[in-house]
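Inspection log for the structure reproduced underneath, given as structure tokens.
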Amino acid sequence: MKKMNTPPELPAGILKLSDVDLAELEGKNTAVARILETREVRQALASILPDVFNVIAGDSRFKRAIMKMVGRFLNKSLSRPQDIFEAEELAPLFDDPQFVKHLAGPMPELINGLFDLILAAVKTIEQLDTDDKKDLFGDLMSKISTGQTGAIITRTCRIINDLHHSDPEFFTKALAPGFEKWVKSVDFGELKEMVDNSGADGLAFVEMVNNVIWQYPAKVVLLLSLIPSIINGLTVTADISMSKFNEFPPDLLTDVVISFLKEMDVEPIANVFNQLTEIFRKIHTGSALLGEPGSPQLPKVLSQMIDQIIGRTDPITYWKAKIALAETRAAFGQAVSEAMASQPNFKHLNIIKGPELTNIRIKSINQRLSAWDAEEAEELAKSFAQNLSAYDAQEMAEVVNNTLRIINRLGDERPAIFSEFTAQIVNAIDEYELAETAKRLFNGVSTEMKPVARAVVPGLVTWICDVLQPEDDEYEDDAEKARNALRSLFVQEEV
């Protein structure tokens, strides 16, 4: 390329223009010209142009002869003696910032042309036979798999690593001024208004898509059929990955997990937890401040919202769906039970290994109780006194009172309701099996339970006798009946 001369000496403050700048001032796009002059592009053109000229010539012999001479001329013109060394000429161009700068102008046109070329190539490939497609893509994959893509990634990572070694916050600092200008220039009020006003359009778009796509049910079915394929692909991928992990020996796999846990920074996790708890505390406090005394605002708003949702819910459909889900869950559990029952090992291990899970839970509870037992007596009593006083005893008593009141109202309205229900259960119970079970439980462990019974029963009997002592209250008639019943029992035994 002919270089344009510039004055050797320039006054202070005047910058020397590069060849690209001077050519740009003259209306020349030297960036594209320099690309076309590189060995890689020239050789690509030399291999493509003969086919282009054949297409232009068509069936005319005269045109073919002319185009053949033109092709030989261009092929000769595009070759250079130094091409035999296959030196890289295209890549070094991008080391010149001015070249990159002036290439940005025609870049959209180049990209559009590249896309048009790719689309034409895809249309051509679509018309090929399957074997030709295999040969073409096989050759294409072999060309791509030359390490160039890996080299691109490696070089990009190396550039980013060099920048981070020099300045760990380089990209943040570089983006900060532009991001600040972006935040200042964006009217978030307009953004919010746009999002709010887009609701109707968004719903209309969703409705339009559904109206169009459901005109072709077969395509909808095919679209839905992709879900099992995607799930199958994910499960196969997980299976392959997990199988590779299982190839590790136990100590190495555990070491990897421990290394992973050690590398995790605990402080940010704890800070996130602290921030979340503080947010919940502030919401609770703010709800109390915004609401009336004794009536926080947030539960009131949530109650109103839930009331509106429930008010618009069809109760019949809701319960049908709930029952259907329960039946589906039961069917799933039954299928699991039947599948496990068909495998003796599963049945036996369920019986044998089940207590181990219980032991783990018991051990965890015991550790907590041991930690409390290790406290000083005064501190332990103080803590549990605060714990018990924190319960709302009045509310708990109201729960009991309301339960008893409901039972009594049911008894007054339908006296036989409890007796009928109890009779159904009792009649359904096998009395013989119940008697045999009671004998085995009480007779089998009576000797072992005697020390415990002697520690508990005397105090219980003494308390019952004290409760049945004559008193001038509303329950004296019932207490007298109980004393008479016991007296009658003992008299019959003495007789």
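The values are calculated or read from the model by the stated rules, or taken from the named source; none is laboratory data. No experiment lies behind these values; they were computed from the predicted model shown. Neighbour counts run over all protein chains shown; Cβ positions are idealised from the backbone, glycine included. Each accessible area value is taken on the protein alone, full model and side chains, heavy atoms only, with ligands, DNA and RNA left out. Shrake-Rupley method; radii C 1.70, N 1.55, O 1.52, S 1.80 Å.
Quick notes
- Legend: calculated FRET efficiency, residue 308 to residue 376, from the Cβ-Cβ distance at R0 = 60 Å, rounded to 0.05, equals 0.70.
- Theoretical FRET efficiency, 1/(1+(r/R0)^6), r = Cβ-Cβ of residue 112 and residue 44, R0 25 Å, to 0.05: 0.85
- Debye equation applied to the C-alpha atoms of region 216-262, log10 I(q)/I(0) at 0.14, 0.15, 0.27, 0.28 Å⁻¹: -0.55, -0.58, -0.91, -0.93
- Distance between modelled label sites at residue 335 and residue 239, nm, 7 Å Cα→Cβ extension: 1.8 nm
- Of the listed residues 284, 164, the order by accessible area with a 1.4 Å probe, largest first, is 284, 164.
- Candidate aspartates and glutamates - alpha carbon under 15 Å from residue 262, same-chain residues fewer than 8 apart omitted: none
- The label-point distance for residue 73 and residue 463, in a model that sets each label 7 Å from Cα toward Cβ, rounds to 11.9 nm.
- Annotation: per residue accessible area for region 386-495 equals 92 Å², rounded to a whole number [probe 1.4 Å, protein chains only].
- Alpha carbon centroid spacing (whole Å) that separates region 292-330 from region 401-471: 38 Å
- Taking a ≥ b ≥ c as the square roots of the eigenvalues of the Cα gyration tensor, region 272-392 is classed as oblate, since a/c reaches at least 1.5 and a/b does not exceed b/c.
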